[in-house]
Structures are given as structure tokens and as C-alpha cells.
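First the structure, in the form of C-alpha cells, and then the observations on it.
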Amino acid sequence: MSAPRNILYTHDIFIRTIVPECLISYFNLDFEVVEIDEAKEQYAIDFPIKTTPALKLKDGSKFFEQLAVNEYLVRSTGNEAEIKQLLGSCDDLLNQANINSVASFGGSDVLNILAGYVKPYIGMLPYDEAREHRALEKLNIFYQFFEEKLATNKYLTGDEITMADLITATSLKLGFAFMFGREWRDEHKSLTEWFENVIHSKYLESHFKDFKYPDVPPTL
């Protein structure tokens, strides 16, 4: 019987698995990254709910959801400086709440609405004009929300990169990879500059090192 191991279940096409994979790479953590398509039976046994990212620890502990997984990975490093920067100081509850709020918003509302907007253009959903109109209305409000934060800070919650930035930037990957052409990026310079800084940070560079932007968005 093989020795117990720490496992991160992931999937290449899923956005929410990017940050935990990058954290494992950056911190050189003792986790085996397992692609769920290559371990379907064991994954279904370990996580019948079938959601990723999901962690299974050597002692048998299991949990899932991006915020929980990312926080566990960061805290497991024992690196107090990195923990304080990425997750916020325990002495500053307002900062912690701000980081958690933006991270949750970026990894849920933003990603869900953006994915619904992008998928018809990459062959993953049928096109619906009314749905696209609703999505664009919400997304424009989201962009403004982020740009207002970046008007006074280098990053979304201050002058240091945090989990809020890592999760939100990866959530916006679909937009920057497919829909945000040169014209859009020129109209949203602060958001584009922030995205560029975050994806090429030491935390995410392992995933985004070959990232390319589109000149123009696709058409239907």
C-alpha cells in the first residue's frame, strides 16, 4: 500500500484551481497535484460532491472551496510575513475583512458573470443576446468597482498584493485571454496594468508566464 500523501485535486480548464496550484509551486509545498480526469474513481470516492479545488491531507482530512483551500495552503507554510501579507494581519480585522470580501466577490460573482459572457464566444454556450446584455451591465459595474480601488492603491486592498488580487486576477483571465482586446485595454488602463502586475508576480508567474492578450475579441 502506498504511503499517505497530501493531494490537491484540480482540472486544467477550471479557473478556481489556478491559485492553489500556483501557491503549491511558489511555496514548494508537499502536495501532489492530481488532475481529476486522471483519477476519476478515487476523486469521486474522496469528493462525491465533485468540486475543485479540493484537498485531501495525509491524515485523511478533506475540504474544498477556493477560499478555504487557498488559506490552508498559505497558513501551512508557517511563513508569517507571507501569511500576513496575503491574508491580512490578525491585528487588523478591517483589512482581513476587506481582503476576504474582495476575494470572495472576485471568485464568485465576477467569475460567474464573466464566464457566462465569454463562453458563447468560445463555443461553450449558445448565444443569448438578452443574457449578454445583462452580463455586460453587471461587468461594467464590476470594472468600475475595481478601478475605483486602484485609483488610490497599487492593488485591490492596499499597496501589497493579497489573496484578493490573486483570486480576482485569475477570475478575470477569461476576459483578458479572449474578450478584452487592445481597444478595451486602452479604455481600462489601470485595471489592465494591475492585471499584468499580478499575473507576473512571484505567486502566479508559474501559470501565466506565456500569457498573451488578444488584439481584437472574437465574433460570433
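The values are calculated or read from the model by the stated rules, or taken from the named source; none is laboratory data. If you're wondering where the values come from, they're calculated on a predicted model, not measured in any experiment. Neighbour counts are summed over all protein chains in view; Cβ atoms, including those assigned to glycine, are modelled from backbone coordinates with ideal geometry.
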Fill in: Criterion (touching a Lys or Arg at 6+ places or on another chain (Cβ under 7 Å) and closer than 26 Å to K202 by Cβ) met by exactly one of Q66, Q85
Q66
Worksheet item: If the Cβ limit is 9 Å and pairs must be 6+ apart or interchain, which residue in the stretch 89-102 that is touching a residue at least 40 places away in the same chain (Cβ under 8 Å) and not assigned by TED's automatic domain parsing to the domain that holds E160 pairs with which residue that is exposed (fewer than 10 other Cβ atoms within 10 Å of the Cβ) and in a helix (DSSP H, G or I)?
Response: none
Discussion item. Can you pull out every residue in the stretch 1-38 that is modelled with pLDDT of 95 or more, in contact with an Asp or Glu (Cβ under 9 Å, 6 or more places away or on another chain), in a loop (DSSP other than H, G, I, E, B) and under 16 Å from L57 (Cβ atoms)?
Written reply: N6
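Of these, L111, L67, which one is in contact with a helix residue (DSSP H, G or I) (Cβ under 6 Å, 6 or more places away or on another chain), surrounded by 15 or more Cβ atoms within 10 Å (Cβ to Cβ), touching a residue at least 12 places away in the same chain (Cβ under 8 Å) and part of a helix (DSSP H, G or I)?
Numbers: L67 fails: in contact with a helix residue (DSSP H, G or I) (Cβ under 6 Å, 6 or more places away or on another chain).
After applying the criteria, what remains is L111.
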Discussion item. Consider the stretch 1-42. How many of its residues are of a type in the set (K, R) and within 19 Å of F208 (Cα to Cα)?
Written reply: 1
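With respect to L166, is the statement that it is crowded, with 22+ Cβ neighbours inside 10 Å, outside the structural domain of V69 (by TED's automatic domain parsing) and in contact with a helix residue (DSSP H, G or I) (Cβ under 9 Å, 6 or more places away or on another chain) true? Steps first, please.
Details: crowded, with 22+ Cβ neighbours inside 10 Å: yes; outside the structural domain of V69 (by TED's automatic domain parsing): yes; in contact with a helix residue (DSSP H, G or I) (Cβ under 9 Å, 6 or more places away or on another chain): yes.
Yes; evaluated as a whole, the condition is true for this residue.
Can you tell which of I18, I83, I49, I99 is surrounded by fewer than 16 Cβ atoms within 10 Å (Cβ to Cβ) and among the β-branched types (V, I, T)?
Working: I18 fails: surrounded by fewer than 16 Cβ atoms within 10 Å (Cβ to Cβ); I83 fails: surrounded by fewer than 16 Cβ atoms within 10 Å (Cβ to Cβ); I99 fails: surrounded by fewer than 16 Cβ atoms within 10 Å (Cβ to Cβ).
Going through I18, I83, I49, I99 in turn, just one is surrounded by fewer than 16 Cβ atoms within 10 Å (Cβ to Cβ) and among the β-branched types (V, I, T): I49.
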